[in-house]
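Trainee: Here's a structure for you.
Laboratory data are not the source of any read-out in this text; all were calculated from the coordinates shown. Quantities reported herein were computed from a predicted structural model and do not represent experimental measurements. Glycine also receives a Cβ, built like all others from the backbone with ideal geometry; neighbour counts cover every protein chain displayed.
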Amino acid sequence: MSTEQFLLAFRRFISRRGLCSTIYSDNAKTFKRAELELKNFWKCMLHPSVQDLFSTHVTRVSREDLTGSRPSLLKRYRHQQNLLNQFWNRWRKHYLLSLRSMNICPPSKVTCQFKVDDVVLIHDDRFPRNLWSMGKIIETYTGRDGKIRSCLVKTKNNALRRPVQLLYNLEV
């Protein structure tokens with residue numbers, strides 16, 4: 001990775017995560033050169049002539065200027081949310097349902113595919129799809145017909161008993 005590539009990646013990182021108070025590196029040449037470049041840039045930015053330039057040429061943006069772009073921002077946000085919902089709906093309908101259909105018991109005496117120590121995704125109508133909990137099956141409960149009807153699932157906070165219709169066995 002060149003110094004320029006690293007600086008661009010670092011810029012993207014800061015724009016997403018915010019400023020860093022401490023940065024650790026393995027002291028590779030790229031990082032040392034990037035540190036030197038950043039120090040030189042900072043010296044240039046603190047020079048009085050650059051400070052004067054910014055103070056005279058940077059203008060204040062009025063609230064009216066920003067509100068003119070609000071409808072387009074709102075339209076873009078709604079479009080992104082719509083795409084995200086479409087993705088989650090397809091993922092749930094195609095992938096998760098295919099996982100459930102793979103776990104249906106065959107007509108023979110073979111037991112279901114839900115076993116102790118399986119990792120499962122727990123369906124919950126109260127939360128969006130991407131916030132469903134994951135857990136590990138601790139115990140299975142069979143019905144009168146001998147089929148597994150519910151499972152005790154250990155999540156990061158507690159243990160829950162859920163019917164198999166609300167569990168999706170993950171391929172781990």
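Trainee: Full-extension gain between residue 7 and residue 72, please, as 0.36 nm times their residue separation minus the C-alpha to C-alpha distance.
Mentor: 20.3 nm
Trainee: On to the next question. How far apart, in nanometres, would the label points at residue 124 and residue 19 be if each is projected 7 angstrom from Cα along the Cα-to-Cβ direction?
Mentor: So the two model labels end up 3.7 nm from each other.
Trainee: Be a star and scan the range 1-29 for residues whose amide nitrogen sits under 12 Å from the point 7 Å along the Cα-to-Cβ vector of residue 40.
Mentor: Output list for this probe position: 4.
Trainee: Assuming a ≥ b ≥ c are the square roots of the Cα gyration tensor eigenvalues, decide whether the range 110-172 counts as rounded (a/c under 1.5), prolate (otherwise, with a/b larger than b/c) or oblate.
Mentor: prolate
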